[in-house]
Structures are given as C-alpha cells and as structure tokens.
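Visitor: One structure follows; several queries about it will come next.
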Amino acid sequence: MIAPSVRREWIWALRGFLWLLLAGAYLALERGGNAYLQRLVILFLINLMLVVSLNLFTGFTGVFSLGHIGFMALGAYASAILTLPVNLKAVNLPDLPAPLASIALPFFPALILGGLAAAIVALLIGIPVLRLSGHFVAVATLGFLVITRVVLINAEAFTRGTRTFAGVPPFTTMGWAALWALLNVYVAWRLKHSPLGLRLLAARDDPWGAKSVGVSIGRMRLIAFGISAFFTGIAGGLWAHFLTAFSPNAFYFSKTFEIIVMMIVGGMGSVTGSILGTLLVMVSTEALRNLEPGFAVGSLTVGPLYGLSQIGLAVLLMLLMTFRRQGLLGDRELRLEAIAERLERWLERRKTAIEAPRVRKADP
Amino acid sequence: MKSISFAPSHTMGHPLREGAGISSPSIPLLEVEGLTKRFQGVVALRDYRLTLQEGEILGVIGPNGAGKTTLINLLSGFIRPDGGHIRFRGQDLTRLSTHRIPKLGIARTFQNIRLFPSLTALENVMVAMTVHHPPDVLSTLFGFGPGHRRVRMLRERAMALLEQMGIAHLAHRPSSALSYGDQRRVEIARALALEPSLLLLDEPTAGLHPEESEALIDLLSRLHRERRMAIVMVAHDMPVVMRFCPRLHVLSSGTLLAEGTPEEIRNNPLVLEAFLGRSGRSGAA
C-alpha cells in the first residue's frame, strides 16, 4: 500500500536514481561494445517481454496458457517474411504469393504487423477457448502450440518448412529491445493498476462475485489474451531479427518451459516479479551453461556436462514448488514507495542511534 | 438486447437518482410469475410469484432447503429458471447473461461473502463502480484522457460509500484481512456501488453476533430511507426479519406457503407448524 508518511522527494530521488542507473548501464554497454554482454542483454529484454506478457494473461486472469510460444512464432515468422529482402525472397521463398514476394518493409511496421497477427489469432482462438474453465484452457492452448508448429512446418511457401528460415536482416538492436520491453512493462503495470485491471483481478479472485458486479469473465480474459499475444508477437519479431535464422523447433516445449519457469520464479501476477524472475533464471542458466563444456576446481577436472543448465532450471522449479510456491513476490509488486519508506526509516534510526549516546552522556 | 425502459439511466453519467419516473407507475419494479427451478429432478422452487413496487422491502423466510437462495440466484440471473419469467421494469431477465443484470440496477450479496481477496476494501467497491463507468482500453494503457480522470472520481465515491458503511478506516486493507462483519459491510457497499433499484440480500446477518446484526439492520434501514431502493432479504433470523421487513414471504420445500405482514405470519398456523414449530425456536415468535 502507498504509505502517506513517505515524503514525495524520497520517491522522486529513488526514481531518478533508478533511471540514471538504467541509462548509465545502457550507455556503458552500448559504448563498451562487449558483444557477448550486449547479446545477453538483448536476449534478457526479449525474454522479459515474453514473461511479462505471459504474466499479463496468466497472472492477471488466473488461467494458464501453455500456447504463448505459438504467438511468439507467429510474430517471428510474420515480421521476418515482411522484412526479408526481395532478392533473398526469390531464392529462399520462391513460392511466396505475389504481393508479399515483391515487398520488404522497414522494421517497425513489420514488427507491429507481426504483433497484430498474433493478437488477431489470439482473439479468434480466444473466443471459443477462453469460455472453458481454468485447467481446460491450459490444455486447449497447448493444442494451439502444437497446431502452430504443424502449420509452420507445412506452410513451406511461407516458412521453408522444417528448414532454417535464414537471411532475416539483423535489425534488433539493444535500443529497440529496450524500448519495446519498457513499453511492455509499462502497459502491464498500467493495466494492473487501472479500473480495467481491477475488473481483471476481480474476475480472477472470484468469478461469481465478479459477475454480481457486472464483470464479464470471458471478455476480461479475451482483452488480456489479446494484449498479451500482441506483445508476445512483438517479442517474437525482435527475436527473429536478433538471431536472423531459425526454424520451427525454436518455438516449442523447451522455450515454453523456460518462460513459464521465469514467470513462476518471479511470481504470477507480479510485473516487477517478472523482471526479477527473468533476471534470476537467466543469470543462473547462463552461469551453468558456461560450466557445460567442463571445468576444473583445483586439481579436480570435471568433464563436459551438456544439459546442466536445463537440469538447473528444472531443479530450481522443484525447489520453488516445495519452499515458495507463490514465487519471489507472489502477485505483489516491488514499489518505490515501499523502498523509500524503508530507506527513510533506516536513516531515521541511524540518526537517533548517533544522537542517543550523546544524550545519555549528558544525563548523569 | 436494447430496451427502452432503462435507457434514461445511461444518458447521464451517474444514475444517482432513483428509478422514479423511468417507468410508468402501473408497471411494478419486479414481476415474477410461475417461477420454477429443478435441480436434477428435485424441485427447488415451484410456481413462485411476486410483485414488488419501487422502494418496497420484502423478507423471505423458511427453513433450510426451502429455496431461498435459489430464489436470489434466479432473481440475480445466476441460474436460469426451468419455467416462468422475471420482469424487471417490464423487461424479461430470464434470457440475459448474468453480468448484464447489475447494469439494469439489480445488485446482490452472497450468503458466503464473495469479495475479491487480493483487492483492498476500497478497490472491491471501485470494481462495482466501473459498471456504470466502463474503462476504455486506451486510457487504461496510456494513462490519459477522460477515462483516466474518472479514476479519481470513482475512488472518491467508493470512499464515500465506505464511510457511509462506517468502515472508511479499513479502506486500504486487503479485504481478506477484514473481520467477518466488516467483510459483510464491504460486500454491501460493493452492491450499493451499483446504484441498484433492487437489492437482493442473501442472509446478510448470518454469522454475526446479535449486536452486530442489530447494527447492520439499523444501517440497512438508514440506507433504505436515503436511497429508496427495493430490497428482497432472505434470512432465517426471525427477530431481524420481523423488525426490518413490513412484508414477508414464507417458503417451504420450494413453495410459497404464506405471505403477509410479520403480525399475520406470526399467527399463521401453517407457518408455525412448517417453520417455527419444527425448528424448535419457539422463542422467536
């Protein structure tokens, strides 16, 4: 809750500090030119979008979606088909229908169209699927993931089937990724803290209670599903123009699992939790991945351990389910107001701690 | 789906004024005829009828399983009848989706309170206010425009309602952290936030101390005087019902056994036998 005791200046100071920190980190990375770190940051921002979007649906409505990576695939392929240079289209996608074969769009409109494609498909499947109750939605969206894969493999004229879709221009820079991730987080935050968000959470908390105040459960879920799919599609587009070559295999169970773990680690329904969860999971899997080729501790040499990062992810999930089922934050948020309040109280205590001995000395 | 009868309440932003003048005086607020509901062959309510005028208070009593909650669920559109019809200001409700009913001016509470536990008391009330002020996606996402300015207004009105219910000091607590009695008040505030012309209360005093229920009934009487909405209250707490409701319906095994003033009901031998006699609460009469 917003504590009225905290002075506004504190919050503004913290907010300014946070933005400066982010801007500084961004500039340092941009200028520093460490390619590995830059790639990691871009991947983090894209994963963050996937997690925040999934959370925007699953966390805010309480209904699990196992099909979100399907929206990512739609965004990736749709935007990549749109930006692929015309000469490459002639070689790689000779059977592409006429209007698509002769155009190559700039990055931004292609991304938007990719996101819209995902959102439209989400609305189309959402209308029948979201009427189901909780667990059945999870199964039905899993069905959607499988269908998406089958379609991608068989629509060879558009996707080259199982073969690698290559030659996508490397448009995704850190700046683009950061901008979209910021927008995504902002939208999720606004949605949660608006009247529409109240209705969403009401429908999640108690469907009967929600109906009694005129909230349509189906419509709430559909709105969240559409917004969520849009940003997931954008994330897919960013990812496609980051890797520049991919195949349908990239958009399946292992990616689905990865994103779900990140969401659950952070806490379902928490936007700031999504940031923490993505960060924690990526840092730990990246550390484990670096150990995979084998490593030495003193005289002890450990051979290659391929799959270590996957195992690490799974173990993390099991530990979490045992000890902290609600994830790091549950559905609460890390708030600047709360941090400012703590900081203020801590400083106050220090001040009294410094003054107190002086007073005591003066007493006798 | 559009009906003329309730259109005027939407033309102005907030239908604070009661339904007076919207429909001609000859049409009652609520008209129920032949209402029947079966659950897997068992009749929960049979051939129930009711005519309720604007601002009228009706108490529905009866032993457990008499069909009282079924009646509330039918009137609020949570379940569909197997027969009969319900007309609210002349409009048939039986085919409407549940979530469309509150917008017409029918609000309800639940026997086992159904608040939104992750929201604060204030937010619980605000959710209901959005019925007459639907949020639009753009102002939600980008935080400007008329929709955004409305949020402050909704917050203030919700606060005023909590104040009326005497629980303004609990506004920012999560509703799940409130005492049972306070949760009841939040739920009633939430129902009132719909600005109903018909309020359906399902056992509002269940689980409360005698003093608490006394206070709640006083509060409800005051709210009724101020807002003049019609109330249908289901209860089996006899002293409460006798005091609050000038007119009573007695249900037994799904049928309307008797109706009349508390005085008439008290002296009705059928009722004494079916309800008071069997439940052994002779002190209530």
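The values are calculated or read from the model by the stated rules, or taken from the named source; none is laboratory data. Source: prediction; values computed, not measured. Positions of Cβ are backbone-derived with ideal geometry, glycine not excepted, and every protein chain shown enters the neighbour counts. Calculation scope for accessible area: heavy atoms of the full protein, side chains included, ligands and nucleic acids excluded. Shrake-Rupley method; radii C 1.70, N 1.55, O 1.52, S 1.80 Å.
Visitor: Evaluate the following for B:ALA168: is it open to solvent by less than 30 Å² (accessible area, probe 1.4 Å) and away from every other protein chain (no Cβ under 12 Å)?
Guide: Yes: the conditions hold for B:ALA168.
Visitor: For region A:208-239, give me each residue that is touching a residue at least 24 places away in the same chain (Cβ under 8 Å), open to solvent by 20 Å² or more (accessible area, probe 1.4 Å) and not β-branched (Val, Ile, Thr).
Guide: Selection gives A:GLY218, A:ARG221, A:LEU222, A:PHE230, A:TRP239.
Visitor: What number goes with the only condition from (1) within 11 Å of chain B (Cβ to nearest Cβ); (2) within 23 Å of A:GLU333 (Cα to Cα); (3) buried (at least 22 other Cβ atoms within 10 Å of the Cβ) that A:TYR186 does not pass?
Guide: Going through the list (1) within 11 Å of chain B (Cβ to nearest Cβ); (2) within 23 Å of A:GLU333 (Cα to Cα); (3) buried (at least 22 other Cβ atoms within 10 Å of the Cβ), A:TYR186 breaks only (3).
Visitor: In addition: Within region A:147-168, is there a residue that is of a type in the set (S, T, N, Q), in a helix (DSSP H, G or I) and crowded, with 24+ Cβ neighbours inside 10 Å?
Guide: No, because not a single residue in region A:147-168 is of a type in the set (S, T, N, Q), in a helix (DSSP H, G or I) and crowded, with 24+ Cβ neighbours inside 10 Å.
Visitor: Okay, next question. Run A:PHE242 past the list (1) surrounded by fewer than 23 Cβ atoms within 10 Å (Cβ to Cβ); (2) within 14 Å of chain B (Cβ to nearest Cβ); (3) modelled with pLDDT of 95 or more and report the number of the one that doesn't hold.
Guide: For A:PHE242, the exception is condition (2).
Visitor: Here's a follow-up. Scan region B:56-86 for residues that are among the aliphatic types (A, V, I, L, M), in a loop (DSSP other than H, G, I, E, B) and buried (at least 24 other Cβ atoms within 10 Å of the Cβ) and report the count.
Guide: 1
Visitor: Scan region A:107-131 residue by residue and report those that are free of Cβ contacts under 8 Å to residues at least 60 places away in the same chain and open to solvent by 70 Å² or more (accessible area, probe 1.4 Å).
Guide: Selection gives A:PHE108, A:LEU113, A:ILE120, A:LEU124, A:PRO128.
Visitor: Can you tell me which residue in region B:105-120 is nearest to the other protein chains (Cβ to nearest Cβ), limited to those that are farther than 29 Å from B:SER26 by Cβ and open to solvent by less than 20 Å² (accessible area, probe 1.4 Å)?
Guide: Per the criteria, the residue is B:PHE116.
Visitor: Residue by residue through region B:90-104, note down the ones that are open to solvent by 20 Å² or more (accessible area, probe 1.4 Å) and either more than 8 Å from chain A (Cβ to nearest Cβ) or under 16 Å from the mean Cα position of the chain (by Cα) (or both).
Guide: B:GLY90, B:GLN91, B:ASP92, B:THR94, B:ARG95, B:THR98, B:HIS99, B:ARG100, B:LYS103, listed by residue number.
Here is a yes/no grid of residues against (1) closer than 15 Å to A:LEU238 by Cβ; (2) at pLDDT 95 or above:
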residue	(1), (2)
A:VAL129	no, no
A:HIS135	no, no
A:PHE144	no, yes
A:GLU156	no, no
A:GLY161	no, no
A:THR164	no, no
A:VAL168	yes, no
A:ALA181	yes, yes
A:VAL185	yes, yes
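Visitor: Considering only region A:190-221, state which residues are more than 7 Å from every other protein chain (Cβ to nearest Cβ), more than 18 Å from A:GLU333 (Cβ to Cβ) and touching a helix residue (DSSP H, G or I) at 6+ places or on another chain (Cβ under 6 Å).
Guide: Within region A:190-221, A:ALA203, A:PRO207, A:ALA210, A:ILE217, A:MET220, A:ARG221 qualify.
Visitor: Output yes when any residue across region B:192-201 is surrounded by 20 or more Cβ atoms within 10 Å (Cβ to Cβ), away from chain A (no Cβ under 14 Å) and in contact (Cβ under 8 Å) with a residue 60 or more places away in the chain, and no when none is.
Guide: yes
Visitor: Please verify whether A:LEU54 is under 30 Å from A:LEU105 (Cα atoms), away from chain B (no Cβ under 14 Å) and under 15 Å from the mean Cα position of the chain (by Cα), treating the condition exactly as stated.
Guide: Details: under 30 Å from A:LEU105 (Cα atoms): yes; away from chain B (no Cβ under 14 Å): yes; under 15 Å from the mean Cα position of the chain (by Cα): yes.
In short, yes.
Visitor: Within region B:41-55, restricting attention to residues that are of a type outside the set (D, E, K, R) and assigned to a loop (DSSP other than H, G, I, E, B), which residue is nearest to the other protein chains (Cβ to nearest Cβ)? Show your work before the answer.
Guide: Step one: filter region B:41-55 for residues of a type outside the set (D, E, K, R), giving B:41-45, B:48, B:50-53, B:55.
With the extra rule that they be assigned to a loop (DSSP other than H, G, I, E, B), the set shrinks to B:41, B:53, B:55.
Values: B:GLY41: 25, B:GLN53: 24, B:GLY55: 22 Å.
My answer is B:GLY55.
Visitor: Is it the case that B:VAL250 is buried (at least 22 other Cβ atoms within 10 Å of the Cβ), assigned by TED's automatic domain parsing to the domain that holds B:ALA44, outside any loop (DSSP other than H, G, I, E, B) and at pLDDT 95 or above?
Guide: Spelling it out, it is not the case that B:VAL250 is buried (at least 22 other Cβ atoms within 10 Å of the Cβ), assigned by TED's automatic domain parsing to the domain that holds B:ALA44, outside any loop (DSSP other than H, G, I, E, B) and at pLDDT 95 or above.
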